[in-house]
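The values are calculated or read from the model by the stated rules, or taken from the named source; none is laboratory data. Quick caveat: nothing in here was measured; it's all calculated off a predicted structure. Glycine also receives a Cβ, built like all others from the backbone with ideal geometry; neighbour counts cover every protein chain displayed. Accessible surface is based on the protein model in full, side chains and every heavy atom, while ligands, DNA and RNA are left aside. Shrake-Rupley method; radii C 1.70, N 1.55, O 1.52, S 1.80 Å.
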Amino acid sequence: MAANPAVLDQSIESLEKNQQWWWVAEKKRSRRLDYLRKSIWKKGAVGGLYNPGVKVDLEQGFLGMESWQANAIFPEPENIRLARELAHFLDNKTIFITDHAQLVGYVGSLPHTVSWDPSLGEMLNEEIYNDPSAIPDPVDENLKKVAELCDFWAGKTLQARIIPAFDLEGMMKVMSGAIGWGLPTSRSGYAGKDYEYLMTGKRGFADILVEVEKKLDETYDKLHNQPPKRDNSSLTDKLQTWEAMKIILEACIRHGKRYARLARILAENYESDSKRKEELVRIAETCERVPAHAPRNLQESLQYDLFIQLFSRTEAVEGAWPSRPDYYHWPYYKKDVIEDKSINEEAAMDLVGEFLIRAAEVGQYKPRWTKEGLQGIDGTWVWTLGGVYPDGTDACNDLTVAFLRAARMVRVANPTFAFRWHPKVKDEVMREVFECIRHGLGYPSIRNDPLLVQNSMHWHGHPLEEARTWVHQACMSPCPTTKHGFQPMRMASATANCAKIVEYVFTQGFDKVVNMQMTPKTDDPRTFTDFEQVMEAWNVHMRSIFGLLVSGVNRGRSVASRITPRPYLSAVSERSVESGLDVCDPSISRGNAWITGFTWVENVDSLAAVKKLVFDEKRYTMDELCKALEANWEGYEQMRLDFVRDAPKWGNDDDFVDNLMVRCLQDVAKYSRELECPSGNSWPLLPENVSGNIHYANMVGALPNGRRLGDALYDGGISPGPGLDKKGPTAVLKSCGKIDHVGDGRAFLLNQRLSPSQLAGEKGYQLWKAYIRTWADLGLDHVQFNMVSDETLRAAQRDPEKYQEVIVRVAGYSAHFVDISRKTQDNIIQRTIQGI
Amino acid sequence: MAQCKECRNFFSDENQPAFGDCIRKTVDPRQAYFTSKRMEALRDTNDCPDFSNKK
């Protein structure tokens, strides 16, 4: 956003008083951070399209094609072939260093590109071909290149290989887009990292190579110099897995050294400014050190972490960024800033702020459903801060504070933070958390650490010390960062459009939007004489939808090692390096699966309306209700208003509807124990939305809560419907507190809007702190806040150019308000502003 | 016929003399940056609009 001189002439105090936090940030941050922040090409899509100037990168496709052709004469196992393809890409892709930058690395070849790996799927490739806005200039010439890539990869992609492995009827239902989304593969979703192996200062990639080479030598010896045994076949597989790891680890080290070489060339031949020369030499030294060896200082540690993430995003499309930066980088911050004083706090702030910026600029071309479901961002990169050490002591530190302050300086919408709150968090840290919320970032979200540690142990049997290492696997779900606990790939396909459950009660499982019998044909609802029959049908459809989604993901995970291996992710995972098995092999993973429940609360409000108005008060018959729903409420407006106004709504501390919420969740929880992941663990529900409530608006038919086809759905999780929570914030918390946040599901998202004017100053902080105390006492696991006034948001709708930097909490993520659709904007404004 | 190794933007790789890096500065609407692209030293530069002879 171009700086308005009149605004920038104002004092910081004046801007703070007017809560113009984005201008405050611009005035406070260093010259370097200001340049780098403004240099970001936003990679989140708006209205399903990328921002002007953002183009798809063709390099990976052509370099991949070269590698495939070279391999075609002597085909190799898929993991080795892929490792060679990735190595060829890392060795030959264009790399760049931005002016003023101290950290380097990007998924694409140029700053304005979104990466594209056409070996992933034909559907994605066709979308790109049909997205002229993303084709690089000159368009005609590059469209031909895109066509060449699409033609070359057709039939060779991961999608082409994996779809035949699925039950086709189930796959058709999932791919219809009505009940879930995405193709369940290990190269698309949310990949955790084995941080305890990688980020504890014990090893770099060269050290892992030594471990891998030792395994290769031992296995080679067994296969070639000893009598054949019956496990020789699996030894050959392992040999190939380690060989693939070796190829990719060596390539990653070479890639780091390419940046070192570029930085040295620039320092020696192009740069005249002595300070910048020094910085370039430091970049060179850093990239000569990492990823080959363990970092020695904060810059190396951040660079190492960035490389680890970017290499993973070269191998797969990753929609999340599980991370705990204040925990794993803290030893280096402590050494540099506090003990050795080799850098001061301001220099550290530059590095931390740039680390956020480097993440914010990452973009991979995403399919339509993702672009619509994650408006304004590239993925849900929720970084975890705070929490405890494995022994239970407070892990918050000066770097926690530095990250929170850096976030207010650079004001990126992605990554966002989630803060692991526990009773021992110091007041000075809580104040920094609050300042981020007060500054309208919409983050950090607050997570109840003791409760979520307990939840991890309850659902997945993670041992206490491992459970305490948890990070956000995506928006919400905790996952340890340990050898057997970390989750290599959470496939987004186990994401249920839950409003379909109650819709199918009235359509007998037939989906009228996609014209498909989706779930078993239950009895005609007109014949129901008792509410229990409604609940029975509801359970049939719930079990069927969740079962369909889980089956697909289980299958995707089971065949991943063979069909969609992850040689890089395996190479940086202790369990794979040790065993010679692909990281996705379920036998070496404890399992941490969950079903994401989009559009969940519609079920509860709908069931409450049916129970009250049809069965308890008998104001309407089931026949009348079925007719009204079939007509999308058209011609039944008075009846619709009765179902909206006279039925109790979730979030008002009303036992009538709250008990139904608990009953539904407990029914699901029971089924979650029956469902098994390939590691033998359970599948709990996690109600939350990204912007799926808008994406699904035209997919979900009329519902008994008064909603019509096309209306925005609720904003998700266990958040009350927008404007339907009329009894104040404590009533919302009390309703949510009736849920057992350990036994009834994996986690429960709660959106709340607070008044920025009420929460100004010290009094505002104390009010918020008291609110958090009540939240914790009532046993909730999550809450996140929007603290931007209606006035500002409406002004931003009228004059978006002036409000480019206003950030809002959409659901499990934040976005710049101007980067989300009008429908989503309206949905956020409609949320009740709670006075506390 | 000029080759990459004759260009002032080309920096030979001592470890792999057959290759080197083509270094270019770009200023786009948001930022300035230097790129490095791996090149063969003997590559024909006929199709390269940025060729700039060292001599």
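Among the residues of the stretch A:549-587, the one identified as among the small types (G, A, S), over 27 Å from A:P684 (Cα atoms) and not in a helix (DSSP H, G or I) is A:G580. Selection within the stretch A:73-95: residues that are hydrophobic (A, V, I, L, M, F, W, C) and without any contact (Cβ under 8 Å) to a residue 40 or more places away in the chain. The member of this set that is most open to solvent (accessible area, probe 1.4 Å) is A:F74. Annotation: of all residues in the stretch A:279-317 being without any contact (Cβ under 8 Å) to a residue 60 or more places away in the chain and not in a helix (DSSP H, G or I), the one that is most open to solvent (accessible area, probe 1.4 Å) is A:R296. Taking the stretch B:31-42 as the range and being more than 7 Å from every other protein chain (Cβ to nearest Cβ) and buried (at least 19 other Cβ atoms within 10 Å of the Cβ) as the test, only B:M39 passes. Only one of the listed residues (A:S133, A:S176) is open to solvent by 10 Å² or more (accessible area, probe 1.4 Å), in contact with a strand residue (DSSP E or B) (Cβ under 9 Å, 6 or more places away or on another chain) and over 30 Å from A:F546 (Cα atoms). That residue is A:S133.
Which of the residues that make up the stretch A:251-278 are away from every other protein chain (no Cβ under 14 Å) and touching a residue at least 60 places away in the same chain (Cβ under 8 Å)? Hit for the stretch A:251-278 is A:C252, nothing else. Of all residues in the stretch A:114-130, those that are open to solvent by 20 Å² or more (accessible area, probe 1.4 Å), touching a residue at least 12 places away in the same chain (Cβ under 8 Å) and closer than 22 Å to A:V46 by Cα total 5.
Annotation for the stretch A:475-483: at least one member residue is of a type in the set (S, T, Y), within 20 Å of A:F748 (Cβ to Cβ) and either over 18 Å from the mean Cα position of the chain (by Cα) or outside any strand (DSSP E or B) (or both).
Taking the condition surrounded by 18 or more Cβ atoms within 10 Å (Cβ to Cβ), facing chain A (nearest Cβ under 10 Å) and not acidic (D, E), does B:T45 pass? No: the conditions fail for B:T45.
Table: residues versus (1) modelled with pLDDT of 90 or more; (2) outside any helix (DSSP H, G or I); (3) closer than 17 Å to A:D715 by Cβ.
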site	(1), (2), (3)
A:Q758	no, yes, no
A:W768	yes, no, no
A:I772	yes, no, no
A:A776	yes, no, no
A:Q784	yes, yes, yes
A:V788	no, yes, yes
A:L793	yes, no, yes
A:E801	no, no, no
A:A811	no, yes, yes
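Contact map, the stretch B:35-52: residues that are in contact (Cβ under 8 Å) with a residue 24 or more places away in the chain paired with residues that are part of a loop (DSSP other than H, G, I, E, B) and among the basic types (K, R), Cβ distance under 6 Å, separation 6+ or inter-chain. Pairs shown: B:S52/B:R8.
Each residue in the stretch B:2-30 was checked for being within 13 Å of chain A (Cβ to nearest Cβ) and either in contact with a helix residue (DSSP H, G or I) (Cβ under 8 Å, 6 or more places away or on another chain) or open to solvent by 80 Å² or more (accessible area, probe 1.4 Å) (or both), and 16 of them qualify. Here is a check on your reading of the model: is A:N92 farther than 17 Å from A:G363 by Cα and either out of contact with any helix residue (DSSP H, G or I) (no Cβ under 6 Å at 6 or more places or on another chain) or within 12 Å of another protein chain (Cβ to nearest Cβ) (or both)? Against the criterion (farther than 17 Å from A:G363 by Cα and either out of contact with any helix residue (DSSP H, G or I) (no Cβ under 6 Å at 6 or more places or on another chain) or within 12 Å of another protein chain (Cβ to nearest Cβ) (or both)), A:N92 qualifies. On inspection, A:E66 qualifies as within 14 Å of another protein chain (Cβ to nearest Cβ), open to solvent by 50 Å² or more (accessible area, probe 1.4 Å), more than 31 Å from the chain's Cα centre (by Cα) and not polar (S, T, N, Q). Among the residues of the stretch A:42-57, those that are within 14 Å of chain B (Cβ to nearest Cβ), surrounded by fewer than 23 Cβ atoms within 10 Å (Cβ to Cβ) and assigned to a loop (DSSP other than H, G, I, E, B) comprise A:N51, A:P52, A:G53, A:V54. In the set (1) out of contact with any helix residue (DSSP H, G or I) (no Cβ under 9 Å at 6 or more places or on another chain); (2) open to solvent by 10 Å² or more (accessible area, probe 1.4 Å); (3) not aromatic (F, W, Y), the condition left unmet by A:P111 is number (2). Under the condition of being touching a Ser or Thr at 6+ places or on another chain (Cβ under 7 Å) and of a type in the set (K, R), the residues counted in the stretch A:323-381 number 1. Go through the residues of the stretch A:645-653 one by one and say whether even a single one is open to solvent by 10 Å² or more (accessible area, probe 1.4 Å), within 30 Å of A:F205 (Cβ to Cβ), at pLDDT 95 or above and among the polar types (S, T, N, Q). No, the stretch A:645-653 contains no residue that is open to solvent by 10 Å² or more (accessible area, probe 1.4 Å), within 30 Å of A:F205 (Cβ to Cβ), at pLDDT 95 or above and among the polar types (S, T, N, Q). Is there a residue in the stretch A:782-797 that is surrounded by fewer than 24 Cβ atoms within 10 Å (Cβ to Cβ), of a type in the set (D, E) and under 21 Å from A:S755 (Cβ atoms)? Yes, the stretch A:782-797 has at least one match.
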